1. Please give every one of the lysines within straight-line cross-link reach of LYS401, meaning a C-alpha to C-alpha distance under 28 Å, and leave out same-chain neighbours fewer than 8 residues apart.
2. Can you work out the Karplus-derived ³J(HN,Hα) for every residue in the range 447-460? Use 6.51 cos²θ - 1.76 cosθ + 1.60 with θ = phi - 60°, whole Hz, and x for glycine or proline.
3. Run the paramagnetic zone check for VAL265: 7 angstrom along Cα to Cβ, then residues of the range 169-204 with backbone nitrogen under 11 Å.
4. If you rank ASP457, ASP161 by fewest surrounding Cβ atoms within 10 Å, what's the result?
5. Considering only the other residues whose Cβ falls under 12 Å of the Cβ of VAL38, what net charge follows from Lys and Arg at +1 and Asp and Glu at -1?
6. Between ASP281 and LYS218, with labels modelled 7 Å along Cα→Cβ, what's the label distance in nm to one decimal, could you check?
7. Quick check on packing: order 472-478, 122-128 by the mean number of other C-beta atoms within 10 Å, highest mean leading.
8. So what are the three principal axis dimensions of the range 129-224 from its Cα atoms, in whole Å, longest to shortest?
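We did not get these values from a lab; they are worked out from the coordinates using the rules stated. Being a predicted model, the structure only gives us computed values, none of them experimental. Glycine also receives a Cβ, built like all others from the backbone with ideal geometry; neighbour counts cover every protein chain displayed.
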Amino acid sequence: MPLCRSESCADCLHGGQCSPRSDAMRMPGDSLHEECGVCGVFNHEDAATLTYLGLYALQHRGQEGAGIVSFEDGQLTAHRGVGLVSDVFKRHRLAPLEGNNAIGHVRYSTFGTSTLKNVQPLVVDYAGGSMALGHNGNLVNAGALRRDLEADGHIFMSTTDTEVILHLVARSKKKRFVDRLIGALKEVVGAYCLIATDGRCLVAARDPQGFRPLWLGKLDDGYVVASETCALDIVGADWVREIEPGEILVASGSGVEAFHPFEKVPLRKCIFEFVYLARPDSFIFGQSVDEVRKRLGRNLAKVAPVDADIVMAVPDSSNPAALGYAHESGLPFDMGFIRNHYVGRTFIEPEQQIRDFGVKIKLNPARNVIEGKRIVLIDDSIVRGTTCKKITKTLYRMGAKEIHFRVSAPAIINSCHYGIDTRDPSRLIAANNSVEEIRQFLGVDSLIYQDIAGLVDATVSPEDEFCLACFNNAYPTPTPAAYSCDGNTVRYKDTSTDHLHYSKG
């Protein structure tokens, strides 16, 4: 097997041999891309291993990179790599991550490129010692802050907005690490759930508007912080509570302290966490994700009934909504697609073109379920429409008599600036086409989206608690364009190792 020197593989950075993997081989498509996930464990002898398991449960939130930093008495040890959690963390990679405390991160590159230098948690030495930080969300003023910091002589080692926070912490004159972090967070605008450490304590923070979910759990005499409850479940931690918007938690030898240092502002929780991002077995924003998705399906069946034979889902995130539609409509639900669960996010395409290969590699239609049937096809969203079109063509080729497409979320017409990779509105099919034009493009017999009222109703929460900007253009903060700087200039190519040791300065 040839020696791989690609930066896209964690093991080859240490001179190992592996199969070629590159961004060029990632599966194409028009699905939404997740943002990131964080997990941390404090005061447990298996902290790094438990953090690894937590990241494994959060893999759906980011598949491009993963990292863990363990810490004890001011000493930080980091391992990071590009790829899935199981690829980055083999047993021999976890062994050096000693200590009773650890923080971890899985990444999708919503801001910055997908290279090793952007994989988190980011770890640095500065005048106050050492620190590590992992961040879920997007800061809309990161570009402007970076421009000002660079003008003052700051040197950046990555293209992520997360590093901006590190620089703000480093230049603070406060003595305590948590006070430095609070001061830094008061300068940023946008969405963040983050975990950080100075080697002695674990700090968790959630932005005042509560865009992203963050949970606190208890495990024996220690604590676990994670983006979703599914990460608490996998390590056997008891749910304590959701970390509140604008809250800072500090886990140290003295226990857990809670701070609320920010001015109270209206909540703007990302409603798309319910639609697509979170795992269905998680509880976020006070609700079961699975139950919300089933209610989405039931609401859709009420406003968009159709005379059909079966209800099908585009697996897997649409399964609960399809079940809800089936239960409300009285139509049978069937598994018309069989998913290949052994396919990761990389594959090598055949040199000879195979029709709709990108769909077939993940989903294979069950002809006996489809042939001669009038189908209600449920999906959670339509982004560009290209994959949806391939799916409907496949169903017709398998003998579907009719296809009635139902979408459990409203049409996505605007960019997300808070952690979902839809920043280019020109690539959103609903931003540039009518529903009838989209129906014709997909080639289906009918197409109906959920409306905003039905979406909000399924959450059993007030509409004014949510960010709905991708559906209605009502952004709760200024957008990055308001700061007149994209802050995303790549100055060099990083080829350094990813296994580093940091100690108290």
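1. The qualifying lysines are LYS294, LYS302, LYS360, LYS362, LYS373, LYS389, LYS390, LYS393.
2. Going residue by residue, I get 9, 9, 9, 5, 8, 5, 4, x, 5, 5, 4, 5, 7, 6 Hz, with x marking Gly and Pro.
3. Once the point is set 7 Å along Cα→Cβ of VAL265, 186-192 turn out to lie under 11 Å by backbone N, inside the range 169-204.
4. Values: ASP457 16, ASP161 26.
Going from sparsest to densest Cβ surroundings: ASP457, ASP161.
5. On the way: positive: ARG61, ARG107, ARG206, ARG212; negative: GLU35, GLU228.
Every neighbour counted, the sum reads +2.
6. About 2.3 nm, to one decimal.
7. Working: 472-478: 15.1, 122-128: 17.0.
So the order, starting with the most tightly packed, is 122-128, 472-478.
8. Dimensions of the range 129-224 along the principal axes of its Cα atoms: 48, 30, 21 Å.
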